[in-house]
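The values are calculated or read from the model by the stated rules, or taken from the named source; none is laboratory data. This is a predicted model, so every value here is computed, not measured. When we count neighbours, we look across all protein chains shown, and the Cβ atoms used for this are built from the backbone with ideal geometry, even at glycine.
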């Protein structure tokens with residue numbers, strides 16, 4: 001890997017405090033660009049000051065020619081923009097060749113969410129008389145009850161559960177801290193789970209969610225747990241932890257929560273990221289309108305006004 005790319009990744013990890021997953025994604029995107037440039041120039045050494053906008057555009061076209069989705073191309077371009085911005089700041093190059101390149105347009109897919117009735121059903125599925133069943137229910141309740149990300153759940157420590165105050169301390173992207181309210185249902189299950197947690201937690205393990213062996217829970221294990229329970233929900237394409245986060249946000253908005261409050265609860269940097277959930281609530285708003293507005297569905301009154 002090019003030394004400048006390695007330096008940039010170190011900067012993201014140590015100074016910007018990006019998660020290991022994000023740094024790994026940046027590394028993959030930049031290595032792919034590095035390989036492209038070596039083939040493009042037929043060289044093993046890249047002279048970064050010589051890289052122009054044209055090479056970046058050629059790279060994007062090659063990605064699309066290989067069937068890479070426009071969404072993935074946009075993500076890779078974002079990585080390049082950040083990398084070249086860093087290179088400019090470090091005076092390795094004079095100007096950012098990616099600065100004026102626009103993101104490819106793509107259709108925004110609305111995130112899937114689970115209807116409230118289905119959420120209630122899956123909360124009845126875990127067998128709470130066993131350690132793993134109680135732990136699984138605590139995971140489900142916490143993901144849905146706080147909207148936290150998978151990475152945030154994995155790294156959650158026992159000391160981050162402020163149960164006496166009905167709060168949870170969450171460390172999100174860039175290690176940014178936020179405090180999220182904890183509902184009565186999630187609190188009750190967590191209290192039961194924490195009663196038996198010390199019997200299973202390994203030495204020096206302080207994370208809330210652990211394997212039966214006592215080791216810290218890892219992402220794939222949680223994904224498998226969530227997939228197992230969400231498999232009981234019909235017509236649900238995605239069965240990932242993020243679906244519970246989407247459901248949390250959607251149900252809050254449907255109940256009248258302010259979008260700015262939901263933004264803070266989710267730990268979003270920008271309001272535009274949260275606004276995708278407003279589209280999910282349109283059908284809900286239509287239903288309320290049809291039930292509540294006197295002129296929404298009363299055909300006789302419409303005829304009366306027009307007669």
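Pairs are defined by a Cβ separation below 6 Å, a sequence spacing of at least 6 or placement on different chains, a first member in segment 12-33 that is more than 23 Å from residue 51 (Cβ to Cβ), and a second member that is at pLDDT below 90 and surrounded by fewer than 15 Cβ atoms within 10 Å (Cβ to Cβ); the pairs so defined are 17/174; 17/175. Could you please let me know if residue 232 is at pLDDT 85 or above, within 26 Å of residue 208 (Cβ to Cβ) and under 17 Å from the mean Cα position of the chain (by Cα)? Considered against the rule, which asks whether it is at pLDDT 85 or above, within 26 Å of residue 208 (Cβ to Cβ) and under 17 Å from the mean Cα position of the chain (by Cα), residue 232 comes out as no. For segment 225-268, the set of residues classified as at positive phi and touching a strand residue (DSSP E or B) at 6+ places or on another chain (Cβ under 9 Å) consists of 267 only. Residues that are out of contact with any helix residue (DSSP H, G or I) (no Cβ under 8 Å at 6 or more places or on another chain) and part of a helix (DSSP H, G or I) were ranked within segment 58-78; the one that is surrounded by the fewest Cβ atoms within 10 Å (Cβ to Cβ) is 65.
Out of everything in segment 202-229 that is without any contact (Cβ under 8 Å) to a residue 24 or more places away in the chain and in a loop (DSSP other than H, G, I, E, B), what residue ends up being farthest from the chain's Cα centre (by Cα)? Top of the filtered list is 203.
All conditions but one from (1) farther than 16 Å from residue 148 by Cβ; (2) in a helix (DSSP H, G or I); (3) at pLDDT below 80 apply to residue 260; the one that does not is (3). The lone criterion from (1) part of a helix (DSSP H, G or I); (2) crowded, with 19+ Cβ neighbours inside 10 Å; (3) at pLDDT below 95 left unmet by residue 136 is number (3).
Here the condition is being modelled with pLDDT under 90 and surrounded by 13 or more Cβ atoms within 10 Å (Cβ to Cβ); of 285, 266, 271, 244, it holds for 266 alone. Mind checking which residues of segment 172-201 are touching a strand residue (DSSP E or B) at 6+ places or on another chain (Cβ under 7 Å), over 20 Å from residue 261 (Cβ atoms) and without any contact (Cβ under 8 Å) to a residue 60 or more places away in the chain? Passing the criteria: 190, 201.
The set of residues in segment 263-279 being under 13 Å from the mean Cα position of the chain (by Cα), without any contact (Cβ under 8 Å) to a residue 12 or more places away in the chain and in a helix (DSSP H, G or I) consists of 263, 273.
On inspection, residue 81 qualifies as surrounded by 14 or more Cβ atoms within 10 Å (Cβ to Cβ) and at pLDDT 90 or above. What do you reckon, is residue 138 closer than 30 Å to residue 236 by Cβ and without any contact (Cβ under 8 Å) to a residue 60 or more places away in the chain? For residue 138, the condition - closer than 30 Å to residue 236 by Cβ and without any contact (Cβ under 8 Å) to a residue 60 or more places away in the chain - is not met.
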